[in-house]
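Working notes, beginning with the structure itself.
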Amino acid sequence: MELLDAMKARRSIRKFKSEPIPEAFVGQLIEAAQLAPSGSNIQPTRLVVIKSDAVRAQLSQATPLPFVSQAPVIIACCVDTDSLSDMGTRARELKEAGAFADTPLDKMDPESYAKRKPMDQATAEAYLRLNAAIAIDHITLRAVDLGLGTCWVMMFDQAKVKQILELSENYNVVALIPVGYPDQNPNARPRIELSQILLKEI
Ligand SMILES: Cc1cc2nc3c(=O)[nH]c(=O)nc-3n(C[C@H](O)[C@H](O)[C@H](O)COP(=O)(O)O)c2cc1C
């Protein structure tokens, strides 16, 4: 499927068939997440794939949205807050992989860049979520390509979800993504005008 076609066809799906999805498709969604870009290539996104009936039922207690646990698969998209401390290593890897081969780095030494003042907690959290959002968008578009439906869900109780999934402190759940064959065919949702999006061309 052409990328533009997938972008146009994607909808937030809130009704799923109970039919399971092929195991290989789950792997392909994870690969889509792996391909996502991230700041300094830190790759902070971690996924928990939930298929178990018991765990999906438990998750229904952690979100007010019943369609989440009705999907045959839920992907809990998380960030590993520890990944920020690997920024120096990731930046070195990038340099070694030739990412800056055509970029004069005399004004930016990756070593000192990696050692710059750490972000405050709120900034770090926003930065990690920003990176995860890109991976999640890759997942939702690849899902369309595979004939699957998804929905971003941020309406959930963070502490409850972490407890149900037995996640340690360093993981934060950014979104729950129910995945399955759509049992609805919604029209495109309203969008603001292009003229509102484009502030100015200079
Ligand atoms: C960051 C983000 C958070 C969202 N959270 C929820 C949510 O908690 N529950 C829900 O039903 N939809 C959620 N959505 C889906 C939006 O409502 C949906 O993307 C929007 O209405 C546009 O519809 P479309 O995705 O079908 O184009 C979320 C979407 C995004 C991008």
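The values are calculated or read from the model by the stated rules, or taken from the named source; none is laboratory data. Note that this is a predicted model, so its numbers are computed, not measured. For neighbour counting, all protein chains shown are included, and Cβ atoms are generated from backbone atoms with ideal geometry for every residue, glycine included. Surface areas here come from the heavy atoms of the whole protein model, side chains and all, with no ligands, DNA or RNA. Shrake-Rupley method; radii C 1.70, N 1.55, O 1.52, S 1.80 Å.
What to note about this one:
- If the condition is being within 14 Å of Cys77 (Cα to Cα) and not in a loop (DSSP other than H, G, I, E, B), then the range 165-197 contributes Tyr171, Asn172, Val173, Val174, Ala175, Leu176, Ile177, Pro178, Val179.
- Against the numbered list (1) crowded, with 16+ Cβ neighbours inside 10 Å; (2) in contact with a strand residue (DSSP E or B) (Cβ under 8 Å, 6 or more places away or on another chain); (3) over 20 Å from Leu165 (Cα atoms), Ser40 comes up short only at (2).
- Helices (runs of 4 or more DSSP H) wholly inside the range 20-120 containing at least 1 residues that are over 29 Å from Phe156 (Cβ atoms): 87-96, 110-114
- Annotation: of all residues in the range 174-191 being more than 12 Å from the ligand (Cβ to nearest atom) and either open to solvent by less than 30 Å² (accessible area, probe 1.4 Å) or in contact with a strand residue (DSSP E or B) (Cβ under 6 Å, 6 or more places away or on another chain) (or both), the one that is farthest from Ala135 (Cα to Cα) is Asp183.
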